[in-house]
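Shown next, in structure tokens, is the structure this report addresses.
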Amino acid sequence: MTIEIPSVLTKEQVAKVRQELDATDWVDGSTTAGGQAAKTKDNLQLPTDNPIGEQIGASIIKILTTHPLFVSAALPLHFLPPMFNKYAGGGSFGTHVDNAIRHIPQTGQRIRTDLSATLFLSEPDEYEGGVLNIEDTYGTQEVKLPAGHLILYPSTSLHHVTPVTSGARVSSFFWIQSMIRDNAQRSLLFDLDCSIQRLSQELDGIEAAEQSSVQLTGVYHNLIRQWAEM
Ligand code: NI
């Protein structure tokens with residue numbers, strides 16, 4: 001299941017981030033991809049120890065950890081610090097699957113990549129191409145979102161980015177280890193949480209409905225108790 005998280009950054013925040021990123025040095029992106037993925041990767045990337053990138057990445061994580069829709073969809077345990085890439089001049093990234101295990105560069109801590117995230121930092125009309133294609137159980141999804149919006153998808157998916165034939169596509173990308181490892185279980189919990197949120201708004205003041213809502217909330221938490229790993 002792919003989930004769009006709109007407006008993670010405001011347009012003002014995007015403009016500020018872009019200004020900072022545009023003023024810094026980018027390197028060949030193939031240096032950080034796994035062996036097989038590196039062969040098909042043709043883009044630019046910010047070095048992981050770039051202080052500007054570290055600072056922006058930390059603020060992105062701070063925003064997401066208190067973002068109700070993101071938290072509900074990802075049930076995050078650990079984040080890989082966000083990285084940044086730029087596709088231009090025909091640059092693309094061929095079909096690949098992301099590495100299962102990644103190390104946090106600063107600490108060496110290992111993260112299992114359950115979810116992949118792309119935060120778009122260019123508006124769709126700034127570039128041609130650059131579509132993120134994600135193959136999931138429902139077929140291939142084509143993703144090209146407004147700047148500031150984020151797409152969350154299972155790291156088990158094959159995916160690729162089509163060539164950027166004009167302009168430049170800048171984005172942040174990172175991985176999340178979820179408390180809920182299994183995609184199907186995490187999906188169920190997300191659906192359940194969304195339904196409970198809607199019900200509790202619509203049925204506010206109806207006593208029997210409120211009791212059911214409390215019971216369903218109990219089911220939600222008890223499922224997390226059954227399935228969560230820390
Ligand atoms: Ni990838």
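Points worth noting:
- The range 183-227 shape via C-alpha gyration tensor axes, a/c threshold 1.5: oblate
- Global form of the range 4-79, assessed from the alpha-carbon gyration tensor, a/c cut-off 1.5: oblate
- Within the chain, the selection of entire DSSP H helices by a Cα span of 27 Å or greater along the long axis and an average Kyte-Doolittle value of at least -1.0 returns 183-202, 207-227.
- Gyration tensor verdict on the range 3-178 (Cα atoms; rounded if a/c is under 1.5, prolate if a/b is larger than b/c, oblate otherwise): rounded
- Measuring nothing but protein heavy atoms, the accessible surface of the chain at 1.4 Å probe radius is 54 percent carbon and sulfur.
- Residue separation of Lys62 and Glu12 scaled by 0.36 nm, minus their Cα-Cα distance, works out to 16.3 nm of gained length.
- Leu158 paired with Ile52, simple spin-label distance in nm, labels 7 Å along Cα-to-beta-carbon: 3.7
- Computed accessible area, Arg198, all protein chains, 1.4 angstrom probe, square angstrom: 130
- With helices as the sole contributors, the chain gives -11500 deg cm²/dmol at 222 nm; each DSSP H run of n ≥ 4 counts as -39500 (n - 2.57), and the sum is divided by every residue.
- Sequence of Lys144, Lys86, Lys39 from largest to smallest accessible area, 1.4 Å probe: Lys39, Lys144, Lys86
- FRET efficiency for Asp22 and Ile206, using Cβ-Cβ distance with R0 set to 35 Å, rounded to 0.05: 0.05
- Residues of the chain: accessible area per residue with a 1.4 Å probe, Å²: 50
The values are calculated or read from the model by the stated rules, or taken from the named source; none is laboratory data. Note that the coordinates shown come from a computational prediction; the quantities given were computed from them, not determined experimentally. All Cβ positions, glycine included, derive from the backbone under ideal geometry; neighbour counts span all protein chains shown. Keep in mind that these areas ignore ligands, DNA and RNA; they rest on the heavy atoms of the full protein, side chains included. Shrake-Rupley method; radii C 1.70, N 1.55, O 1.52, S 1.80 Å.
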